[in-house]
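Contents: one structure, followed by commentary.
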Amino acid sequence: MAINPYLKLYCMLFVGAAIAGCSEKPVVKADYGIIPLPKTIVANSENSFIIKDGTTIVFPENNPGMQRNAEFLASYLKEQTGLKLKTKAGEPRDGAICLTLDLQNDNTEAYSLKSDKNRITIAGTSEAGVFYGIQALRKSAGVAEDSQIEIPAAEINDAPRFAYRGMHLDVARHFFTIDEVKTYIDMLALHNINRFHWHLSDDQGWRIEIKKYPKLTSVGSKRAETVVGMWNSGVYDGTPYGGFYTQEEAKEIVNYATERYITVIPEIDLPGHMQAAITAYPELGCTGGPYEVWETWGVSDQVLCAGNDSTLQFIKDVLAEIIEIFPSEYIHIGGDECPKTEWEKCPKCQARIKALGLTSDSKHTKEQRLQSFVINTAEQFVNSKGRKIIGWTEIMEGGLSPNATLMSWIGESGGIEAAQMHHDVIMTPMDYMYFNFYQAKDTEKEPLAIGGYVPMEKVYGFEPVPEVLNEEERTYIKGVQANLWTEYIQTFPLIQYMALPRMAALAEVQWCDPSQKNYQDFLKRLPRLTALYKHLGWTYAKHVLPEEAAAEPDSIRKALR
Ligand code: ACM
Ligand code: ZN
């Protein structure tokens with residue numbers, strides 16, 4: 001605890017009630033052992049800067065992004081320490097925390113954090129870089145209620161390994177409110193994640209307003225009831241379920257994410273996973289219906305009819321509105337799990353196959369080639385609007401569209417093949433990156449999940465760049481993402497429980513160089529981050545941590561540890 005000598009004197013002179021007002025807050029020392037671990041930290045425990053009430057954060061004039069960054073830092077520190085900082089436009093100066101854009105580095109998200117007793121300077125190559133420096137300072141400060149923070153003299157230089165650092169959320173199987181989605185984005189920001197993949201449509205619900213097709217939400221966003229327990233239990237809850245986002249609400253999410261340097265990538269899953277859409281517009285399905293918004297989980301055979309011209313128009317119309325809402329370069333068009341059973345029987349689909357001259361060979365069936373035709377149609381439209389498609393592994397079926405980026409979820413092999421064909425790849429293999437899989441072995445004690453086993457250590461150990469790729473091919477691996485499918489995740493606390501702390505392990509896979517990674521060291525750094533989760537009121541899985549208070553009841557899990 002450091003007491004300013006002048007304050008001491010002042011307090012001695014004005015005894016009594018004045019003393020309470022004069023006593024300084026205790027000083028808590030920051031710790032740079034954060035997650036994700038910065039590339040280089042050179043620290044010196046002498047010569048610290050003290051962040052206290054009234055410390056000013058200065059930012060460059062006429063730069064709203066940097067002003068917002070300054071305000072974020074002030075609000076984070078207020079939340080974590082109770083300290084009231086000021087923000088002010090102006091030149092860097094002593095006594096202040098200075099945010100600048102002065103850093104020279106080829107990586108557009110790089111930052112440096114330099115501190116000594118006179119000032120703290122966070123410099124970025126961009127506003128985003130400064131934001132990551134702010135996250136680093138905030139995590140170093142940790143949770144220290146009603147305290148001043150001692151920032152040891154240090155020089156940190158840091159930049160991410162991957163430009164695409166993603167986290168997905170399925171809002172189709174279960175719906176999450178705008179406020180919950182914002183909290184999810186806050187979770188991403190804390191972990192330096194910069195892509196939010198928003199899965200907006202599926203068999204069990206259509207969740208985004210499309211003005212040209214109002215029944216997508218008036219009909220397609222509602223299911224009559226939901227299966228209880230596993231998908232095949234045969235038991236249903238008898239309770240109608242629904243929800244969707246207006247275009248204005250979706251734009252609000254885009255803005256909220258953009259302020260935190262996160263790009264929202266919308267997904268409209270096509271031509272499969274479309275049962276909710278064809279319930280609303282049965283003429284878009286092969287049989288013409290009637291259909292129902294699906295009440296259980298799995299892969300529906302009822303998909304868009306690829307032989308129907310109005311289906312192709314529907315795809316373009318929907319994507320046109322999506323492109324207007326979401327400025328992201330990538331538009332995710334799904335492409336996964338599209339059974340071909342209806343297409344094999346449907347006269348319109350077969351007529352299209354014939355008209356296009358599609359044939360089966362040893363590599364692909366003619367129906368797989370028809371899927372490729374649908375994906376190509378979507379790609380050409382998206383490209384015509386200056387955007388790019390990204391799709392799941394199965395967009396390789398029938399041949400990969402010319403400019404498509406592949407999201408490799410059925411293991412890494414699709415990603416490897418796509419990289420060898422010089423297509424960009426995002427790695428998200430389910431054995432490592434599906435956070436809807438169980439995180440503990442003793443599944444009896446876990447909330448019901450879809451299955452699988454992805455413990456935090458497995459997430460941490462994932463190496464996204466396969467060794468079989470040569471040096472050039474490796475450059476096509478643009479990033480890593482984890483996915484959170486919500487068939488068995490009904491509430492937001494359960495979302496957080498499944499995501500945290502695995503998201504911390506993901507953050508080091510996305511950000512750190514392999515040479516920096518060490519699981520035991522990561523585990524030592526983790527409790528300071530989970531203390532922040534706790535302080536922010538976020539639910540997280542406690543029993544997967546080595547040290548956390550064993551006796552603390554876990555409201556989500558069915559038992560202690
Ligand atoms: C997927 O998990 N169906 C992409
Ligand atoms: Zn058809």
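The values are calculated or read from the model by the stated rules, or taken from the named source; none is laboratory data. As the structure is a prediction and not an experimental result, all values here were calculated from the model. Every residue, glycine among them, receives a Cβ derived from its backbone with ideal geometry; neighbour counts consider all protein chains shown.
List of remarks:
- Considering region 1-103, the qualifying helices (runs of 4 or more DSSP H), each wholly inside and each with 1 or more residues that are closer than 30 Å to Cys512 by Cα and modelled with pLDDT of 95 or more, run over 64-81.
- In region 263-362, counting only helices (runs of 4 or more DSSP H) that sit wholly within it, the ones holding 1 or more residues that are surrounded by fewer than 19 Cβ atoms within 10 Å (Cβ to Cβ) span 309-325, 341-345, 347-356.
- Going through (1) under 18 Å from the mean Cα position of the chain (by Cα); (2) within 28 Å of Phe175 (Cα to Cα); (3) not aromatic (Phe, Trp, Tyr) one by one, Pro464 falls short only on (2).
- So Ile450, is it modelled with pLDDT under 95, surrounded by fewer than 20 Cβ atoms within 10 Å (Cβ to Cβ), among the β-branched types (Val, Ile, Thr) and out of contact with any Cys (no Cβ under 7 Å at 6 or more places or on another chain): no
- Residue check for Glu444: in a helix (DSSP H, G or I), charged (D, E, K, R) and either at positive phi or more than 16 Å from ligand 2 (Cβ to nearest atom) (or both): yes
- Restricting attention to region 457-505, the residues that are of a type outside the set (A, V, I, L, M) and within 16 Å of ligand 1 (Cβ to nearest atom) total 6.
- Region 461-511 holds no helices (runs of 4 or more DSSP H) entirely within its bounds that carry 2 or more residues that are in contact with a Cys (Cβ under 9 Å, 6 or more places away or on another chain), under 30 Å from Ala531 (Cβ atoms) and in contact (Cβ under 8 Å) with a residue 40 or more places away in the chain.
- Pairs, first within 16 Å of ligand 2 (Cβ to nearest atom) in region 303-321, second assigned to a loop (DSSP other than H, G, I, E, B) and of a type in the set (Gly, Ala, Ser), C-beta under 7 Å, six or more apart: Val303/Gly272
- Failed criterion for Glu367 (all others in (1) buried (at least 17 other Cβ atoms within 10 Å of the Cβ); (2) within 16 Å of ligand 1 (Cβ to nearest atom); (3) under 13 Å from Val303 (Cβ atoms) hold): (2)
- Residue identified as free of Cβ contacts under 8 Å to residues at least 12 places away in the same chain, part of a helix (DSSP H, G or I) and more than 13 Å from ligand 2 (Cβ to nearest atom) among Gln380, Gln368: Gln380
- Those residues of region 393-439 which are under 19 Å from Gln380 (Cβ atoms), touching a helix residue (DSSP H, G or I) at 6+ places or on another chain (Cβ under 7 Å) and outside any helix (DSSP H, G or I), in sequence order: Glu397, Gly398, Gly399, Leu400, Ser401, Asn403, Ala404, Leu406
- Scan region 152-174 for residues that are surrounded by fewer than 22 Cβ atoms within 10 Å (Cβ to Cβ) and within 16 Å of Ile51 (Cα to Cα) and the total you get is 2.
- Contacts under 6 angstrom Cβ, first residue in region 335-349 being in contact (Cβ under 8 Å) with a residue 12 or more places away in the chain and within 21 Å of Met407 (Cβ to Cβ), partner of a type in the set (D, E, K, R) and part of a loop (DSSP other than H, G, I, E, B), 6 or more apart: Pro339/Asp301
- Of all residues in region 200-242, those satisfying the criterion of being assigned to a loop (DSSP other than H, G, I, E, B), more than 17 Å from Glu283 (Cα to Cα), in contact (Cβ under 8 Å) with a residue 40 or more places away in the chain and not aromatic (Phe, Trp, Tyr) are Leu200, Gln204, Glu209, Ile210, Lys211, Ser221, Ala224, Glu225, Thr226, Gly229, Met230, Asn232.
- Scanning region 114-138 for residues that are assigned to a helix (DSSP H, G or I), under 23 Å from Leu536 (Cβ atoms) and not hydroxyl-bearing (Ser, Thr, Tyr) turns up Ala128, Val130, Phe131, Gly133, Ile134, Gln135, Ala136, Leu137, Arg138.
- Note on region 248-295: among residues that are out of contact with any Asp or Glu (no Cβ under 8 Å at 6 or more places or on another chain) and within 16 Å of ligand 1 (Cβ to nearest atom), the one that is farthest from Arg352 (Cα to Cα) is Ile265.
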